[in-house]
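The values are calculated or read from the model by the stated rules, or taken from the named source; none is laboratory data. Just so it is clear, the structure is predicted and the values come from calculations on it, not from any experiment. In this analysis, Cβ positions are derived from the backbone assuming ideal geometry, glycine residues included, and neighbour counts consider all displayed protein chains.
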Amino acid sequence: MQGYDAPAHTPSILELCGIPYVGHRPLLAVTLDNKHIFKRECAGLGLPTLPFVVWESVAGSFAPDRTGRFAATFGDYPGPFVIKPVSGRASQHVQVVSDRAALPDALEQVYGHTRNLVQIEPFIDGPEYCVSVSGALVVRAGRLERRDRRFFVLCAVLGVVINQELFIHGLARTTATNAVVLGSTIPVFTALFAIALGYESASRTRLVGIALAFVGCVVLVGPDELSLKSSHLLGSVMVLANAASYGMYLAIARKVAGRYDPFAIVAILFLVGVPLVAPLGVHAWSQAGPLTGATIGFLAFLILVPTVGAYSLVQIALQHAESSLVASYIYLQPIFTTVAAAFLLDERPGPTAAAAAIVLGGVW
């Protein structure tokens, strides 16, 4: 998005629709829009930046072998090169040139279309990633209150950062059965934290129901499949800590659930969480294989359904029910898994039907 200046069409449309725009100022917009200035700013900050030169048409026809700046910048590098106008649309009039001999004609062509300075830099083969962040308004009828800012950071750390990272890394170090059983302690931790903090009362019916559902969950996944090997200990501890972290999040998140839009809460939580998990994400991404269409589709599903969708539904539920009740519905996951396995993998539920009934009874 552009800043507050003449070509700032997107912010203008948002303001006309009654949606406040929070963005950068015109000078920053100009800097970001000018590739020449932006690269010099990055280089001045010590950030790794590809070497580049800018060609001005008033200097006459471009001759690589007779241009001192070009020789000093690229040395004996033969190509390929990428050339682009220094400002304007990011992907328009961008050309990849195979070698030095093809540069003069390509530069003239780009300049003829844009009447703009033309930038030359080495071409790096590989995928290009464009990341944008978009979310709901912080509050539909107001602003995020100052008193709640630290609270949202705490919620993001407990419910997003620690929760997700410990579960993913714990699952990789233990068995799936251990992860399911230990993950089923989330409602237990939620009830304990909610009662300890004074948010809920210690009802006997509630505690018995949670315990009954937990027993049903253990029976459903099969206690015989639990692994007590020392090699799985670290992963099991991480999953248990994940359950405690998310249980604490559910216990305290209801404090603001009724005062803010649920989708805004989810947007804030993930915006706060992004810089905290980014270093781990960059490291993991560097070790990942090439992206395929199936992988992209799978990642999109993980982001939209079990992440954004699930977090949003939880926030909506917290507006209408106590934290321990919302958490107890986690016990339905093994039932859905069993039903899905019966249809998709031809697995027979068998005795697990009785365990499912125990789970449903505990939740009820």
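Here are a few things to note about the model shown:
- Among the residues of the range 164-200, those identified as more than 15 Å from Leu233 (Cα to Cα) and not in a helix (DSSP H, G or I) are Ser184, Thr185, Leu197, Gly198, Tyr199, Glu200.
- Restricting Gly216, Gly198, Gly209 to those that are at pLDDT below 70, more than 32 Å from the chain's Cα centre (by Cα) and not basic (Lys, Arg) reduces the list to Gly216.
- Residue check, Leu50 closer than 24 Å to Asn34 by Cβ, assigned to a loop (DSSP other than H, G, I, E, B), of a type in the set (A, V, I, L, M) and in contact (Cβ under 8 Å) with a residue 12 or more places away in the chain: yes
- Breaking point among (1) in contact with a Phe, Trp or Tyr (Cβ under 9 Å, 6 or more places away or on another chain); (2) not assigned by TED's automatic domain parsing to the domain that holds Ala253, for Gln315: (2)
- Residue that is farthest from the chain's Cα centre (by Cα), among those in the range 142-171 that are of a type in the set (A, V, I, L, M) and at pLDDT below 85: Leu144
- Test result for Val221, farther than 21 Å from Arg147 by Cβ and either at pLDDT 80 or above or surrounded by fewer than 19 Cβ atoms within 10 Å (Cβ to Cβ) (or both): no
- For Gly258, the criteria (1) buried (at least 21 other Cβ atoms within 10 Å of the Cβ); (2) among the small types (Gly, Ala, Ser); (3) out of contact with any helix residue (DSSP H, G or I) (no Cβ under 6 Å at 6 or more places or on another chain) hold in every case but one, which is (1).
- Qualifying residue in the range 199-211 (condition: over 16 Å from Leu325 (Cα atoms) and among the hydrophobic types (A, V, I, L, M, F, W, C)): no
- Unmet criterion (only one of (1) at pLDDT 85 or above; (2) under 28 Å from the mean Cα position of the chain (by Cα); (3) in a helix (DSSP H, G or I)) for Ala101: (2)
- Extreme residue, farthest from Phe52 (Cα to Cα), among residues of the range 78-91 that are touching a residue at least 12 places away in the same chain (Cβ under 8 Å) and out of contact with any Lys or Arg (no Cβ under 9 Å at 6 or more places or on another chain): Gly88
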